[in-house]
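See structure below.
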Amino acid sequence: MENRKRILLVNDDGLDARGIQILARHLGKTFDVYACAPDRQRSASSHRVTYFLKDLHAFPAELAGTRAAYRVDGTPADCTYVGINGLFADVKFDCVVSGINAGWNTASDIAYSGTVAAAMEGLFLGVPAMAVSLDDYDMEHGDYGAAAQCAEKLLDTYLQDPDCSSYLLNVNVPKGKVEGIEGTVVGGIFDYGRKLKTKEEGGIVTILRPLGPVPDMKDAAIDSDVAAIGRHYVSVTPLNRFGDTAGLALKLWRDIFKNYQ
């Protein structure tokens, strides 16, 4: 019997999100996949964890392509932790894969991202990890199949690197036609400094969430994740445990992509 690698699949959007459903079906063809995802939408949770503050609850669920799946009443990073150390403690995982997120996770958004944090928690625990995002906020009609195929191809190459447990891959796939693939650095800073509207009623002040276009970008380098997406290239950014670009790994991946098909 073929010795298949074992994947812990996580996200920040929950098991009902098309991104994780399509990714599970794709990866399940060649990997043994186990899933552990939040029981509700947990986007922008960053690396918040609650597993040492309260008891968590896991609910068995069905997810095509997986050997087992659970919904957990915790954060994305909680899901990774309890998946590795609790629910599937008898499984030696080869990789944590987080996604596919609806919308990119580039530049300063990495600091807010629950998708990236769920992958990073795996890296903290000594397991190689990949975060996958699609630059499309249409959760119903986005081309998650193309993003899943890209992730599957990169995953095989990533796990061949003997140093893969020292960095994670943050993968962002552009919307529409893909022109190529690039090894990138973390981009600049999104200008989120917008004034918030408020209204008061009955002594309670309601602070309205900001709506409108994506904020402007400051200081994005030409070899950054943001710039690559703008050129319709898949952005592959190796991140160290502090969320910075992993320089040695970046050189490796740029060399790989010179002959990547």
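The values are calculated or read from the model by the stated rules, or taken from the named source; none is laboratory data. Nothing here was measured: the structure is a model prediction, and the numbers come from that model. All Cβ positions, even for glycine, are placed from backbone atoms using ideal geometry, and neighbour counts span all protein chains on display. The area values use the complete protein model at the heavy-atom level, side chains included, leaving out ligands, DNA and RNA. Shrake-Rupley method; radii C 1.70, N 1.55, O 1.52, S 1.80 Å.
With all distinct Cα pairs included, what does the Kirkwood hydrodynamic radius of region 127-195 come out to in Å, to one decimal, could you say?
Details: mean 1/r = 0.0714 Å⁻¹.
Averaging 1/r across every pair of different Cα atoms and inverting gives 14.0 Å.
According to the Cα gyration tensor, what semi-axes, each the square root of 5 times an eigenvalue, does the equivalent ellipsoid of region 33-75 have, listed from largest to smallest in whole Å? Present the calculation step by step, with values, prior to reporting the outcome.
Details: eigenvalues 83, 30, 14 Å².
Result for region 33-75: semi-axes of 20, 12, 8 Å.
Over all pairs of distinct alpha carbons, what does the Kirkwood formula give as the hydrodynamic radius of region 106-261, in Å? Present the calculation step by step, with values, prior to reporting the outcome.
Details: mean 1/r = 0.0596 Å⁻¹.
Radius from the Kirkwood sum: 16.8 Å.
For the chain, with all protein chains present and a 1.4 Å probe, just round the carbon and sulfur fraction of the accessible area to a whole percent.
Details: 6670 of 12960 Å².
Whole-percent figure for carbon plus sulfur exposure: 51.
Relative to the compact-globule scaling 2.2 N^0.38 Å, provide the ratio for the alpha-carbon radius of gyration of the chain. Let's see the in-between values first.
Values: Rg = 18.1 Å, N = 261, 2.2 N^0.38 = 18.2 Å.
In units of the globular-protein estimate, the chain measures up at 0.99.
Taking only C-alpha pairs under 8 Å that are 6+ residues apart, what is the relative contact order of the chain in percent?
Relative contact order of the chain: 17 percent.
Whose amide H sits under 5 Å from the amide H of Ala131, counting only residues 5 or more places off or on another chain, with H placed in the peptide plane?
For Ala131, the qualifying residues are Ser98, Leu169, Asn170, Val171.
Tabulate in residue order the Karplus-calculated ³J(HN,Hα) for region 82-98, using 6.51 cos²θ - 1.76 cosθ + 1.60 with θ = phi - 60°, rounded to whole Hz; enter x for Gly and Pro.
6, x, 6, 9, x, 4, 10, 4, 8, 9, 8, 6, 8, 6, 9, 10, 10
Could you identify which residue out of Lys54, Lys195, Lys177 has the top mean-square fluctuation in a GNM of the chain using Cα springs shorter than 10 Å?
Lys195
Find me the longest stretch of the chain that has none of the exposed GluC sites (Glu not before Pro), where exposed means in a DSSP loop (not H, G, I, E or B) with at most 12 other Cβ atoms within 10 Å.
Working: sites that count: Glu2, Glu62, Glu140, Glu179.
Maximal segment without exposed cleavage sites: 180-261.
Take every Cα-Cα distance within region 18-117, group them into 5 Å bins from 0 onward, and report for each bin the whole-number percent of pairs it holds.
Over region 18-117, the share of Cα pairs per 5 Å bin runs 3, 13, 23, 25, 21, 11, 4, 0 percent.
Helix-derived [θ] at 222 nm for the chain: sum -39500 (n - 2.57) over DSSP H runs of at least 4, divide by residue count, nearest 500? Write out the running numbers ahead of the final one.
Working: 6 runs with 60 residues, N = 261.
Helix-only estimate at 222 nm: -6500 deg cm²/dmol.
Spelling out what I want: for every residue of region 174-179, take phi, set θ = phi - 60°, compute 6.51 cos²θ - 1.76 cosθ + 1.60 (Karplus), and round to whole Hz; glycine and proline get x.
3J(HN,Hα) across region 174-179, in whole Hz: x, 6, x, 5, 9, 8.
For Ala68, which sequence-distant residues (separation of 5 or more, or a different chain) have an amide H within less than 5 Å of its own amide H, given hydrogens modelled in the peptide plane?
So Ala68 has HN proximity to Ala35.
Determine which lysines satisfy two conditions relative to Lys251: a Cα distance under 23 Å, and not lying fewer than 8 residues away in the same chain.
Cα-Cα hits under 23 Å: Lys153.
What does the extension gain come out to for Asp73 and Asp191, with contour length at 0.36 nm per residue minus their alpha carbon separation?
Values: separation 118, 0.36 × 118 = 42.48 nm, distance 3.20 nm.
So the chain would gain 39.3 nm between Asp73 and Asp191.
Could you give the length gained by full extension between Lys258 and Gln149, i.e. 0.36 nm per residue of separation minus their alpha carbon distance, to one decimal place? Before the final figure, lay out the partial values.
Values: separation 109, 0.36 × 109 = 39.24 nm, distance 1.95 nm.
Separation in residues times 0.36 nm, less the Cα-Cα distance, equals 37.3 nm.
Once both labels are modelled 7 Å past Cα along the beta-carbon direction, what's the Asp156-Lys251 spacing in nm?
2.8 nm
Take the alpha-carbon centre of region 189-261, take the same for region 19-43, and report the distance between them in whole Å.
So the separation of the two Cα centres works out to 23 Å.
Which residues in region 46-70 place their backbone N less than 15 Å from a point set 7 Å from the Cα of Arg209 along the Cα-to-Cβ direction?
Label zone hits: 46.
Expected output is a single nm value to one decimal: the length gained when fully extending between Asp163 and Asp55, i.e. 0.36 nm times separation in residues minus the C-alpha distance. What is it? Walk me through the intermediate numbers first.
Working: separation 108, 0.36 × 108 = 38.88 nm, distance 3.44 nm.
Result: 35.4 nm gained on full extension.
Just to confirm the filter: which chymotrypsin sites (Phe, Trp or Tyr not before Pro) across region 30-94 are DSSP coil and have at most 15 other Cβ within 10 angstrom of their Cβ? Before the final figure, lay out each step's value.
On the way: sites: Phe31, Tyr34, Tyr51, Phe52, Tyr70, Tyr81, Phe88, Phe93; in loops: Phe31, Tyr51, Phe52, Phe88, Phe93.
Passing both the DSSP loop test and the Cβ count: Phe52.
Taking θ = phi - 60°, what integer Hz values does the Karplus form 6.51 cos²θ - 1.76 cosθ + 1.60 yield along region 39-47, in sequence order, with x for Gly and Pro?
Rounded to whole hertz, the list is 7, 7, 5, 10, 4, 6, 7, 6, 9.
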